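So the structure is just underneath, and the comments pick up after that.
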Amino acid sequence: MRKPLFNGKTRWQVVVAGLLLGSFLLTACGENSPSILNTFGPVAASESFLFYVILIIATIIFVLVEGALIFSIIRYRERPGMPNPRQIHGNLRIEVLWTVIPSIILFIVLFFTIQGLVNVATQPTSSNTLEVRAVGHQWWWEFYYPKYNITTADELHAPVNTIVQVDLYSNNVIHSFWVPALTGKTDVIPGHNNMRWFKADATGTFLGECAEYCGAQHAHMAFHAVIQSSDDFNTWVSTQQQAAVTPSFALAAQGKQIFMGQCTGCHGIVGDNLKGYDDPQVKCNDPAIACLVGPNLTHFGARGLIAGGILTNNRDQCSPGADLLRRCHLAQWLKDPQGIKPGNDMVVNLTDDQIQALVAYLESLN
Ligand code: HEC
Ligand SMILES: [Cu+2]
């Protein structure tokens, strides 16, 4: 007799280890992680519909085929003294059937696929389409609104129930624009300006990510799609159109001075080193213009994320104090951007006092 692969005790150990390892498969199912199946707009909905169509068809085929296989293995297994089964090689009827049936099934899948492609590709014409240019940098997203002439980073704001046309630009490597709850991935290719549209059915903040490997910090190139009521969106736009506020207290004024001395090589603040959003350096997506390396910080204090979402902007923890570096993410970023996001383009060397002042200034920029 053959020896069993595992004896009783080891078999249990294998089962337990298998269950524990298998549970890793489910660890990505956190409540807050975005899912292509939990959709908030027609583009993502049509993509997840296609997923279900294929899943259902594939499941039916799997059950039928595997069922027939298992049935045959058991029912027609070899028993002592059984003759050879009847040979059906070259049976025309069976050959035709198992060519025609799969073809029909594939045509059904093709039909839904083409329908989905058309749905996703055809941007509905609407008089109040919002145009946004999304620029993929290494490693953060910049959003420029041609109609309003404003630029921001890390947050794509848009009104609910509005067609949003996203023009995709890169002047470096290929990125991919993806907001799982709102729209599937579209490549962002240097020199080839792709376009993606979406519409959100509900207000809320949805996570976006870069979906094409673009370098060491590719995984930290996230953004928020902030979907607002049209009133809230209009308020946001008019706030963004303002120049940065003048510092209202001494520490912030000191921060502004440090910004002017050490940060303007890479960052812009309208009212400080930029005259307005008309400044050519703002329209960074035009490859003909040598643009600024870092995000526009004019209204940094109002943003929720820092540097492609590697940190949240927890400004309520950023009031001045001795333990600032322990509480405030912005202070941590300014202290050691290379430690937090190795390889990114920001290199600074600041004293803790300078950080206090810069945090006071930047977080005051609503
Ligand atoms: C050599 C260029 C460079 C210099 C100098 C520089 N930065 Fe940056 N900064 C960047 C880049 C690039 C990023 C984005 C990094 C990323 O996400 O990969 C960034 C990100 C930031 C962010 C996060 C912005 C956001 O919207 O996510 C803040 C805040 C910031 N820098 C502040 C400063 C301050 C204050 C100074 C001056 C003391 C400074 N930086 C100097 C290049 C620079
Ligand atoms: Cu990227």
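Key figures
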| read-out | value |
| --- | --- |
| Scope region 217-226; condition assigned to a loop (DSSP other than H, G, I, E, B) and more than 9 Å from ligand 2 (Cβ to nearest atom); matching residues | 222 |
| Among residues of region 227-243, those that are of a type in the set (A, V, I, L, M) and assigned to a helix (DSSP H, G or I), counted | 1 |
| Pairs, first among the acidic types (Asp, Glu) in region 285-307, second away from ligand 2 (no atom under 16 Å from the Cβ) and modelled with pLDDT under 90, C-beta under 9 Å, six or more apart | 286/280 |
| Any hit, region 128-139, residues being assigned to a helix (DSSP H, G or I) and among the acidic types (Asp, Glu) | no |
| So residue 183, is it polar (S, T, N, Q), within 16 Å of ligand 1 (Cβ to nearest atom) and closer than 22 Å to residue 162 by Cα | no |
| Residue match in region 125-147 (condition: on the phi > 0 side of the Ramachandran plot and away from ligand 2 (no atom under 16 Å from the Cβ)) | no |
| All positions within region 338-366 that are free of Cβ contacts under 8 Å to residues at least 60 places away in the same chain and surrounded by fewer than 20 Cβ atoms within 10 Å (Cβ to Cβ) | 338, 339, 340, 347, 349, 351, 352, 353 |
| Filter result for residue 360 (closer than 30 Å to residue 145 by Cα, modelled with pLDDT of 95 or more, hydrophobic (A, V, I, L, M, F, W, C) and away from ligand 1 (no atom under 11 Å from the Cβ)) | yes |
| Evaluation of residue 232 against (1) surrounded by fewer than 18 Cβ atoms within 10 Å (Cβ to Cβ); (2) assigned by TED's automatic domain parsing to the domain that holds residue 354 (one fails), failing number | (2) |
| Test result for residue 223, under 23 Å from the mean Cα position of the chain (by Cα) and more than 25 Å from residue 300 (Cβ to Cβ) | no |
| Positions within region 294-309 being part of a loop (DSSP other than H, G, I, E, B) and not β-branched (Val, Ile, Thr), in sequence order | 294, 295, 297, 299, 303, 304, 307, 308, 309 |
| Residue check for residue 235: among the hydroxyl-bearing types (Ser, Thr, Tyr), more than 16 Å from ligand 2 (Cβ to nearest atom) and under 28 Å from residue 355 (Cβ atoms) | no |
| Evaluation of residue 122 against (1) at pLDDT below 95; (2) surrounded by 15 or more Cβ atoms within 10 Å (Cβ to Cβ) (one fails), failing number | (2) |
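One line per residue, one yes/no per condition, for (1) basic (Lys, Arg); (2) buried (at least 16 other Cβ atoms within 10 Å of the Cβ); (3) modelled with pLDDT under 75; (4) over 22 Å from the mean Cα position of the chain (by Cα):
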{"residue": "278", "(1), (2), (3), (4)": "no, no, yes, yes"}
{"residue": "291", "(1), (2), (3), (4)": "no, yes, yes, yes"}
{"residue": "309", "(1), (2), (3), (4)": "no, yes, no, no"}
{"residue": "316", "(1), (2), (3), (4)": "no, no, no, yes"}
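Conditions (1) under 19 Å from residue 341 (Cα atoms); (2) hydroxyl-bearing (Ser, Thr, Tyr); (3) near ligand 2 (Cβ under 10 Å from one of its atoms), marked per residue:
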| site | (1), (2), (3) |
| --- | --- |
| 160 | no, no, no |
| 177 | no, no, yes |
| 180 | no, no, no |
| 185 | no, no, no |
| 206 | no, no, no |
| 215 | yes, no, yes |
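The values are calculated or read from the model by the stated rules, or taken from the named source; none is laboratory data. Bear in mind that the values here come from a model prediction, so they are computed numbers and not experimental data. Quick reminder, even Gly has a Cβ in these numbers, built from the backbone with ideal geometry, and neighbours come from all protein chains shown.
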